[in-house]
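See structure below.
Just so it is clear, none of the values below were taken in a lab; they were calculated from the coordinates. Predicted, not measured: the structure shown is a model, and the values here were computed from it. Note: ideal-geometry Cβ built from the backbone for every residue, glycine included; neighbour counts use all protein chains shown.
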Amino acid sequence: MMFSRQKISDNDKGNVLFIVLLAIVLIGALMVAVQNSGHDSNIDKEKLVIRISEVRRYVSELERGVSFILQNGYSEADIRFAYPDAHSDYGDLSADADKTDQMFDRLGGGAQYRTPPPGINDGSSWEFYGHTALPEVGTGGAELIAVLPNVTQTFCEAYNATLGYDSATQPTDSITCINGGAAARFDAGTQFSVSPNTVDTGTFTYKPSLSGCVQCTVDSSYHVFHVIMVR
């Protein structure tokens with residue numbers, strides 16, 4: 001029996017080469033951004049590149065999870081973040097008979113519950129809030145935001161550098177910290193604030209501000225945020 005081998009066209013070869021070159025350019029840009037930011041880090045710059053990529057991939061996974069839950073017919077206020085390793089404020093996943101509104105269940109958002117990568121914060125878990133409106137995002141209401149609390153200054157600067165912010169300064173959050181703590185956790189009793197924290201809009205270089213790292217002026221702490229649903 002004779003088998004024919006499908007020929008790869010010159011166009012296909014050109015497309016593959018373009019994708020490879022584009023990937024190399026993007027990785028190079030990320031490396032340069034990280035190398036130009038931060039000093040005295042507890043982790044080296046190569047690991048910073050990896051950690052930033054891990055964080056960016058994870059928030060993208062959470063965005064997809066939101067879309068899946070909404071496709072299941074739920075409203076934005078119905079989204080839940082319960083998981084055995086998450087804080088009990090987010091609910092009890094095992095006690096939920098219908099898990100199609102749960103971010104961290106295969107029947108719902110299908111996202112994995114992940115702990116923060118090592119060496120970039122104080123070990124605090126990811127938090128989920130609906131109490132902040134970011135500059136020029138959506139209609140001015142509170143967004144659904146994933147927050148990685150208490151990151152190091154080095155990681156904060158490196159993360160912002162990849163987004164184009166000046167690595168020497170961070171956007172400031174001088175009203176109510178974007179890390180809202182226990183009282184603001186998005187759960188059955190606390191959803192979207194009707195009077196959201198508006199942060200210090202003038203310090204955000206790029207708008208709309210869907211992602212970044214802010215410094216809370218109350219205690220000088222640093223927090224990575226990413227809008228996983230715009231409202």
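Brief remarks follow.
- If you take all other residues with their beta carbon under 14 Å from the beta carbon of residue 125, and give Lys and Arg +1 and Asp and Glu -1, the sum is -2.
- For the pair residue 172 and residue 230 in one chain, pulling the backbone fully straight at 0.36 nm per residue adds 18.8 nm over the alpha carbon distance.
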